[in-house]
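Nothing in this text is a laboratory measurement; each read-out follows from the coordinates by a stated rule. Bear in mind that the values here come from a model prediction, so they are computed numbers and not experimental data. Because the Cβ atoms are built from the backbone with ideal geometry, glycine has one as well, and the counts that use them run over all protein chains shown.
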Amino acid sequence: MRRAIKAFALASCLALAGPAVAQAEPIRVAIGYDPVSLDPIATSDNGSIWTQLLLYDTLMRPDRTGEKLEPGLAESWSVSEDGLTLSFKLREAKFSDGTPVTAEDVEFSIRRAASEASSWGRFFRPITDFEIVNDREIVMKLDEPFTPAFNNLALFSAAILPKAKVEAGEEAFFNNPVGSGPFMLKEWVRGSRVVLAPNPHYWQSGKPSADGAVLEVVTEASARVIKLEAGEVHVVLDPPLNQLEALDEKEGISVGSTMPYRADFVMLNNKREPFDNDKVRQALNLAIDKEALIKGVLYGAGTVAASAMPVMAYADKDLQPYPYDVARARELMAEAGYPDGFSAEILVDSGKAGHRNVAIAIQAMLQAINVKLDIQMLEGGTQWETTKAGNYDMALSYTTSDTVDPDQIIGFVAVNPERANAYHTEWKSERLNDLYKQERVTPNGEERGEMFREMVQILHEGAPYIYLYHPSAAWAALDNVEGFSILPTSNFRLEDVSIEN
Amino acid sequence: MIGCLMLLVLVAGVVLTPVLSPHDPFALDFASAVQPPSLTHWFGTDNFGRDIFARVMAGAVYDLRLALVCVFGPMMVGIGVGLVAGYYGGTIDRFLMRITDIVWAFPFYVLVLAIVGVLGPSESNLYIAFFLVNWIGYARIVRGETLVVGRLEYIEAARVLRFSDGRVMGRHILPNTVTPALVYSMSDVVLTVQAVAALSFFGLGVQPPAPEWGLLIVESIDYLREAPWMTIFPGLAIAWVGVAFSLVGEGLAATLKPKG
């Protein structure tokens, strides 16, 4: 009898405990961007990239410190002595539909990422051949050494996708994708939310800790914060910087921030007068009070930038930013033949409240050297198209590194033509272009670091941009959220995040 | 009366701002950012330390200029079109009225958004957008009135006297058809002020750092809870103008109503 009672009591306890476990909540994150597409080779916007990184795995990935790569689907990897053969050993992993991840899927995915259809093709085309040793071992061949190869394979665009499913129909697949990442797509309401369920076959046992995740798209930063205060979401990304302090003091909410690999700057159209003149470009750099921008617009959450390169591997910590020196700026303007200044238009993404404020401040600061700016607010996509077409004077923008090696960003912001004609500035330095070519075939080490430092130095002096700042990336979370942070690569991982009750 | 008084107060405010509250609406002063209303800064300061009273008053110039030009400009066009259509009738009338039907068929904002979207956001493109859309109402009103008035005996008489068409339309029909258009224009000003502010709010109108009221409001969003004065005062300014013109419109309607 007694035993029976005990057993009954135990059973009731279990019964009570049962629902509590089943009630484990999904983690709700309010983000400002709506994903555009879940096809990793066709996207470059943060909303898409961050979502994809929750759904798909890459062979290796940037670790939490952002300083090196850690294993993803590849358990281990190595490069041959001559640098021409890359070998990978895959872990035993499954896609969310239960099918195993094989070497064939890897070959298919990387070939697809290198294809003409891919907007990231250049990153993978140096890999010219694949050799499948067995289901879990694959070898990639290069024609010449390519140091950023591993780094590039850690990019979201090199996500490993199930070959059979993708080949069965790409459009259908990317509306309802299958990956080997910690989560799988349950529902995607464009412009509103992405609902993710835990991937039951995920290779990191016991993860994800939370019962799924919901990415709520809330474009207005203040509205995101209100949702957090109301307890409707657990985490918000990019709360308005002016509200951080007050938010941190609120009961039950904490604020965190990281310095991501990011640089904000004003692109100058180096093909147009007067921006084709080095002295004008340098004068513009000298005439901006970067410290005041950081204090007044970022509320202290940032550091002054010396170039358009994020401060990351091989960065020259001693490179000094342009000082704030209006007198010298005036001199340079006079030497360049613009003692009375000029008028220009500056494009600003209307979706970025921070950038609008920066533009207003820059406009006021440049009046000191008689430069009159007209601010033109544009939708983000239109701004990209307009600058790409070279149809602009100045444009406020930024770059973030998706990975740990500086090769990605230097190729984007400084090399012309390469990826984007030095991010649409059309500035060109033959020396820098040469260094870029060399850097890519030089093994990691001091020699390669020296090349990067020289490139950034040339970029700094050439001043194809007005260099502004490196902002920190902030988030705010309810106190019961454990383990959330933004990585230096600007994305966030949710498999380690749990909600304590 | 009250409406006129309210407008007068606003105009006086705009004119006297340099004396009353001598702050530069554009100068940045981070040291005095986000200050609540006080004797020095009547409406407080914004995140750049700019005086909000000075900005709201400077904004009145933008909003009233836009609203008045965008209403009375198209009103002239509309009245002309309506007169011609109503007076001549026939093919001309059908042709002009089909155009108004086409424009009328689009919701107002959709059409303005499309025009601004194609041309790009700026103050001058706002003028173009409103000119293309706003004349329709006047054309329809005046045409209807012209059809009625055109059949009255004194118009017949004028025609018999072989007055030119222009003279008949201008001297005899117009004065008797313009009243409803004028009354309508007052409510149109209210709508246009709101539309201008709304378009700027969405980044499609006047560009920063112009202190246009819609822009002031959108710039204040992130400070709404910390510094509500940044939002409230430009909002009140829009409401003020709205109420003022509505009252003026009502007064006009009462005064101009045919007596007897």
Quiz item: Any idea how far apart B:Cys4 and B:Ser246 come out in nm if each label point goes 7 Å out from Cα toward Cβ?
Solution: 2.1 nm
Quiz item: Using the Karplus equation 6.51 cos²θ - 1.76 cosθ + 1.60 (θ = phi - 60°), what ³J(HN,Hα) coupling, rounded to whole Hz, does each residue of region B:70-86 give in order, writing x for Gly and Pro?
Solution: 6, 9, 6, x, x, 4, 4, 4, x, 4, x, 4, x, 4, 4, 4, x
Quiz item: Taking Cα centroids, how far is region A:35-86 from region A:318-372 in Å?
Solution: 38 Å
Exercise. For chain A, find the longest principal axis of its Cα atoms and tell me its angle to the long axis of helix A:326-335, 0 to 90°, nearest 10.
Key: 60 degrees
Self-check item: Calculated FRET value between B:Ser38 and A:Val133, using beta carbons and R₀ = 60 Å, to 0.05
Solution: 0.20
Quiz item: Based on the Cβ-Cβ distance of B:Asp165 and B:Phe106, what FRET efficiency does E = 1/(1 + (r/R0)^6) give at R0 = 51 Å, to the nearest 0.05?
Solution: 0.95
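Give, in nm to one decimal, the length gained when the segment between B:Leu16 and B:Leu191 is fully stretched (0.36 nm per residue of separation minus the Cα-Cα distance).
On the way: separation 175, 0.36 × 175 = 63.00 nm, distance 2.69 nm.
Full-extension gain reported as 60.3 nm.
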Exercise. Bin width 5 Å, alpha-carbon pairs only: give the P(r) of chain B as whole percents, running from 0 to the bin holding the largest distance.
Key: 1, 6, 12, 14, 14, 13, 11, 9, 7, 5, 4, 2, 1, 1, 0, 0
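Taking each residue in A:354-367, count the Cβ atoms of any other chain within 10 Å of its Cβ, then average. What number comes out?
Details: counts 1, 0, 7, 6, 0, 3, 8, 5, 0, 4, 7, 1, 0, 3.
For peptide A:354-367, the averaged partner shielding equals 3.
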Quiz item: Among the lysines, which have Cα under 25 Å from the Cα of A:Lys295 when same-chain residues fewer than 8 positions away are ignored?
Solution: A:Lys250, A:Lys317, A:Lys352, A:Lys372
Quiz prompt | Share of pairwise Cα separations in region A:262-471, more than 24 Å, in percent | solution = 38 percent
Exercise. Given a cut-off of 26 Å, name the pairs among A:Lys227/A:Lys388; A:Lys89/A:Lys141; A:Lys279/A:Lys437 whose C-alpha atoms lie farther apart than that in the structure shown.
Key: A:Lys227/A:Lys388; A:Lys279/A:Lys437
Quiz prompt | Inter-site label distance for A:Ala246 and B:Ala27 at 7 Å from Cα along Cβ, in nm | solution = 2.8 nm
Quiz item: Taking only Cα atoms, what is the 0 to 90° angle, nearest 10, from helix A:2-22's long axis to the longest principal axis of chain A?
Solution: 30 degrees
Self-check item: Under 18 Å from B:Lys257, Cα to Cα: aspartates and glutamates that are on another chain or at least 8 residues apart
Solution: B:Glu145
Quiz item: What ranking of B:Ile221, A:Ile288, A:Ile160 emerges when the number of other C-beta atoms within 10 Å of each C-beta is taken as an exposure proxy, fewest first?
Solution: B:Ile221, A:Ile288, A:Ile160
Exercise. May I ask for the distance between the Cα centers of region B:90-162 and region B:209-257, given as a whole number of Å?
Key: 28 Å
Exercise. Starting with the fewest neighbours, write out B:Lys257, A:Lys186, A:Lys163 ranked by other beta-carbon atoms found within 10 Å of each beta-carbon.
Key: B:Lys257, A:Lys186, A:Lys163
Quiz item: Kirkwood-based Rg over Rh for the protein assembly as shown (C-alpha set), two decimals?
Solution: 1.06
Quiz item: Cβ under 10 Å from A:Phe173's Cβ, A:Phe173 left aside: what net charge do those residues give with Lys, Arg +1 and Asp, Glu -1?
Solution: -3
Quiz item: For the protein assembly as shown, what does -39500 (n - 2.57) per DSSP helix run (n ≥ 4), summed and divided by total residues, give at 222 nm, in deg cm²/dmol to the nearest 500?
Solution: -14500 deg cm²/dmol
Quiz item: aspartates and glutamates near A:Lys94 by alpha-carbon distance under 17 Å, same-chain residues fewer than 8 away left out - which ones?
Solution: A:Asp57, A:Glu75, A:Glu104, A:Asp105, A:Glu107, A:Asp135, A:Glu137, A:Glu495
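Arrange B:His41, A:His201 by Cβ neighbour counts within 10 Å, fewest through most, would you?
Working: B:His41 21, A:His201 16.
The order, fewest Cβ neighbours first, is A:His201, B:His41.
Averaging over every viewing direction, what projected area does the convex hull of the Cα atoms of region B:1-146 cover, in nm²? If you can, show how the numbers build up before the last one.
Working: hull surface 47.6 nm².
So the mean shadow area of the Cα hull is 11.9 nm².
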Quiz item: Can you give the relative contact order of region A:262-471 as a percent, counting alpha carbon pairs under 8 Å and 6+ residues apart?
Solution: 36 percent
